[in-house]
């Protein structure tokens, strides 16, 4: 497994294999890479060592891109995690692995994955079984990872998802405290997001064409190529998905047009999706067994998953294009547009991708699917009747125990400025309430709800608040109206509501 992530100087055997795989004679290869054929011969026979600079020269000549990529070009993050813990209890995992009190979890009988039940806190799910040997399985989808990241930041703003994974998989942590005897990672998904570029992004249809072109060796992979999926609506493409590998195997590569998928799912224009998210294509790897173990080893060594993910993906698939050699024969080189996506990526960034919980998705559904109907009803029956009708419908709703747990969790997310839809619309409402420039405008009936201001990214036990005089306070003040906070902000020259340094939250009555 180490060979997947290890970076080393190219060997004589690897150089010879590369040249032959691409279809070059010794002389044609020497001409292609700009090195004397006698020198290439000595490299391949092991009579001369290949330097790092020479290897880069060869790779660049063959179409591999070695430029550094930045955050705005690629974003690499975990997208799914499934860990099983043995010889432990649900309460232990909740308290010492997840850091979430049991009161926040909802239990339901569910035999999914062969377990007896599930403890759920949002999308953080813990599967339990009466069979001790089966262990307890923690499953975090993309949304679950987002929620777990929120929990960690509430404990300590500097505590990252990366550090959490290293901690809970460290024997010095879980064995010395007798938390569990061992763990197993049955699935880990790593996503590489290709961000929007004005110069253009890689077209996955080009990759599909190379895969389907059986007459030429334009893609080289040991992975079994399975189905491709592309759908249309009134001749409008809804996104292409390419699969390599087996869903039930230890490695599955899924490459798809993420922007088009989101546009279809949210029923929005592609341009708006790109503006909101910026992700054009996603290259997603579903890994198990030795691949997942290698990922954890990278984390344990203090490394991030970014270069591991790039190396792993490119070790599983090679993309070529045909070229003519000096002798007039057909040979191959690496396809630059594909490799330009990845380059020599070095920036560290584990998570933080834009994702939504079920509540935020419901809010988006209301915006995209319901708002037009509500506007129609308002035009027909009037605003007051519509408000009274909605209030009547809401008053008759009874929440289940599971929904009560979700409400508690979402309230905590709102208080900690984590619900993107809520924050965006609150900002828009306040802009309309005061002015588009967020400058104070006196209104006749100010909001009578009380709000507090505190410093952002401070550990919970050291919270620092801002009182009505603008002074810092350790104890939580009685609160102010939004109008008073706006007045105080004008006085102090600080826009508390939109400042990245402060959090404005409603005071519980």
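The values are calculated or read from the model by the stated rules, or taken from the named source; none is laboratory data. All values derive from a computational prediction rather than experimental measurement. Positions of Cβ are backbone-derived with ideal geometry, glycine not excepted, and every protein chain shown enters the neighbour counts.
Okay, residues lined up against (1) modelled with pLDDT of 80 or more; (2) assigned to a loop (DSSP other than H, G, I, E, B); (3) farther than 30 Å from residue 151 by Cβ:
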{"residue": "424", "(1), (2), (3)": "no, no, no"}
{"residue": "428", "(1), (2), (3)": "no, no, no"}
{"residue": "438", "(1), (2), (3)": "no, yes, yes"}
{"residue": "468", "(1), (2), (3)": "yes, yes, yes"}
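Those residues that are free of Cβ contacts under 8 Å to residues at least 60 places away in the same chain and either surrounded by fewer than 18 Cβ atoms within 10 Å (Cβ to Cβ) or outside any strand (DSSP E or B) (or both), I need them from the stretch 491-505; list them, please. So that I can check it myself, show each step before the final result.
Taking the stretch 491-505 first, the residues free of Cβ contacts under 8 Å to residues at least 60 places away in the same chain are 491-496, 499-502, 504.
Selection gives 491, 492, 493, 494, 495, 496, 499, 500, 501.
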Can you name the number of the only condition in (1) surrounded by fewer than 16 Cβ atoms within 10 Å (Cβ to Cβ); (2) in contact (Cβ under 8 Å) with a residue 60 or more places away in the chain that residue 81 fails?
(1)
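Just to be sure I understand, how many residues within the stretch 90-102 are free of Cβ contacts under 8 Å to residues at least 40 places away in the same chain and farther than 30 Å from residue 306 by Cα?
From the stretch 90-102, those free of Cβ contacts under 8 Å to residues at least 40 places away in the same chain are 91, 94-95, 101-102; that's our starting set.
Within this subset, residues satisfying the condition of being farther than 30 Å from residue 306 by Cα are 91, 101-102.
The number of residues fulfilling the criteria is 3.
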Which numbered condition residue 159 fails, given (1) closer than 24 Å to residue 457 by Cα; (2) in contact (Cβ under 8 Å) with a residue 24 or more places away in the chain; (3) surrounded by fewer than 21 Cβ atoms within 10 Å (Cβ to Cβ):
(2)
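With closer than 29 Å to residue 239 by Cβ and within 17 Å of the chain's Cα centre (by Cα) as the only criterion, which of 276, 272 stands out? Step through it out loud before you land on a result.
Details: 272 fails: within 17 Å of the chain's Cα centre (by Cα).
Going through 276, 272 in turn, just one is closer than 29 Å to residue 239 by Cβ and within 17 Å of the chain's Cα centre (by Cα): 276.
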Considering only the stretch 470-485, state which residues are under 19 Å from residue 458 (Cα atoms) and part of a strand (DSSP E or B).
472, 473
What pairs come out if I take residues in the stretch 357-382 that are at pLDDT 80 or above and pair them with residues that are in a helix (DSSP H, G or I) whose C-beta lies under 7 Å away, six or more apart or interchain?
374/386; 377/386; 378/386
Boolean, residue 457 is at pLDDT 75 or above and either within 21 Å of residue 412 (Cβ to Cβ) or part of a loop (DSSP other than H, G, I, E, B) (or both):
no
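Mind listing just one residue for me: the one in the stretch 318-343 that is touching a helix residue (DSSP H, G or I) at 6+ places or on another chain (Cβ under 9 Å) and in a loop (DSSP other than H, G, I, E, B) and, of those, modelled with the lowest pLDDT? Outline the logic, then answer.
In the first step, residues of the stretch 318-343 are kept if they are touching a helix residue (DSSP H, G or I) at 6+ places or on another chain (Cβ under 9 Å); the result is 318-321, 323, 325-327, 329, 331-335, 337-339, 342-343.
Next, only the ones that are in a loop (DSSP other than H, G, I, E, B) stay: 325-327, 329, 335, 342-343.
On the way: 325: 90, 326: 88, 327: 88, 329: 90, 335: 92, 342: 87, 343: 79.
So the residue we want is 343.
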Of the residues in the stretch 220-265, how many are more than 29 Å from residue 21 (Cβ to Cβ) and in contact with a strand residue (DSSP E or B) (Cβ under 9 Å, 6 or more places away or on another chain)?
15
Looking across the stretch 221-235 at residues that are loosely packed, with under 13 Cβ neighbours inside 10 Å and touching a helix residue (DSSP H, G or I) at 6+ places or on another chain (Cβ under 9 Å), the single one that is modelled with the lowest pLDDT is 233
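Among residues belonging to the stretch 457-468 that are more than 13 Å from residue 496 (Cβ to Cβ) and without any contact (Cβ under 8 Å) to a residue 12 or more places away in the chain, point out the one that is surrounded by the most Cβ atoms within 10 Å (Cβ to Cβ). Working first, answer last.
So the first thing to find is which residues in the stretch 457-468 are more than 13 Å from residue 496 (Cβ to Cβ), and the list is 457-464.
After this cut, where a residue has to be without any contact (Cβ under 8 Å) to a residue 12 or more places away in the chain as well, the list is 461-462, 464.
On the way: 461: 6, 462: 8, 464: 11.
Per the stated criteria, the residue is 464.
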Residue hits (the stretch 15-26; surrounded by fewer than 16 Cβ atoms within 10 Å (Cβ to Cβ) and over 41 Å from the mean Cα position of the chain (by Cα)) are 26
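Take the stretch 19-30 and flag every residue that is in a helix (DSSP H, G or I) and in contact with a helix residue (DSSP H, G or I) (Cβ under 8 Å, 6 or more places away or on another chain). Show your work before the answer.
We begin by selecting, within the stretch 19-30, every residue in a helix (DSSP H, G or I); these are 19-21, 26-30.
Of everything in the stretch 19-30, those that are in a helix (DSSP H, G or I) and in contact with a helix residue (DSSP H, G or I) (Cβ under 8 Å, 6 or more places away or on another chain) turn out to be 19, 26, 27, 29, 30.
Being under 30 Å from residue 339 (Cβ atoms) and not assigned by TED's automatic domain parsing to the domain that holds residue 291 narrows it down to one of 93, 76, 168, so name that one. Steps first, answer last, please.
Working: 93 fails: under 30 Å from residue 339 (Cβ atoms); 168 fails: under 30 Å from residue 339 (Cβ atoms).
Step by step, each of 93, 76, 168 is checked, and only 76 is under 30 Å from residue 339 (Cβ atoms) and not assigned by TED's automatic domain parsing to the domain that holds residue 291.
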For residue 488, work out the one condition from (1) loosely packed, with under 13 Cβ neighbours inside 10 Å; (2) assigned to a helix (DSSP H, G or I) it doesn't fulfil.
(1)
